[in-house]
Amino acid sequence: VKPMTPRCIVPKAVPVGKTASLHCHENEGYPKSTYSWYRNSEPLLPDTKSNAKHQNSSYTLNPTTGTLVFHAVHKGDTGRYSCIATNDAGFAKCEEQEMEV
């Protein structure tokens with residue numbers, strides 16, 4: 001079963017240096033969906049260390065739960081965030097939401 005449009009929860013504004021948690025979830029898809037996050041249409045990789053572009057970001061991305069946690073946000077984390085739920089039957093994307101740091 002193709003995933004439904006996931007529900008994305010993105011904080012509107014987060015003070016610099018604080019923790020920010022973004023959530024993405026849908027429960028119609030079968031098999032269970034995995035989740036990927038995007039900032040300004042660029043994919044956020046689960047491993048920040050291997051990507052020079054995201055080297056300064058300190059976030060943890062859990063593709064199974066759809067949770068994206070920034071441990072200490074900085075100005076560069078400001079942007080439009082969206083999430084895609086994917087399984088063998090297809091994928092679905094939530095609306096982009098702005099997060100201001």
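The values are calculated or read from the model by the stated rules, or taken from the named source; none is laboratory data. The shown structure was predicted, so the numbers you read here are calculated from the model rather than taken from an experiment. Glycine also receives a Cβ, built like all others from the backbone with ideal geometry; neighbour counts cover every protein chain displayed. Just the protein is used for accessible areas: all its heavy atoms, side chains included, with ligands, DNA and RNA removed. Shrake-Rupley method; radii C 1.70, N 1.55, O 1.52, S 1.80 Å.
Go through Tyr35, Tyr30 for me and flag whichever is under 11 Å from the mean Cα position of the chain (by Cα) and within 17 Å of Asn87 (Cα to Cα). Can you show your working first?
Values: Tyr30 fails: under 11 Å from the mean Cα position of the chain (by Cα).
Of the residues listed, the single one that is under 11 Å from the mean Cα position of the chain (by Cα) and within 17 Å of Asn87 (Cα to Cα) is Tyr35.
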* Collect the residues in region 13-34 that are among the β-branched types (Val, Ile, Thr) and in contact with a Pro (Cβ under 8 Å, 6 or more places away or on another chain), keeping them in residue-number order. => Thr34
* For region 1-22, name all the residues that are out of contact with any His (no Cβ under 6 Å at 6 or more places or on another chain) and among the basic types (Lys, Arg). => Lys2, Lys12, Lys18
* Selection count where residues are open to solvent by 30 Å² or more (accessible area, probe 1.4 Å) and either touching an Asp or Glu at 6+ places or on another chain (Cβ under 6 Å) or on the phi > 0 side of the Ramachandran plot (or both), scope region 57-80 -> 2
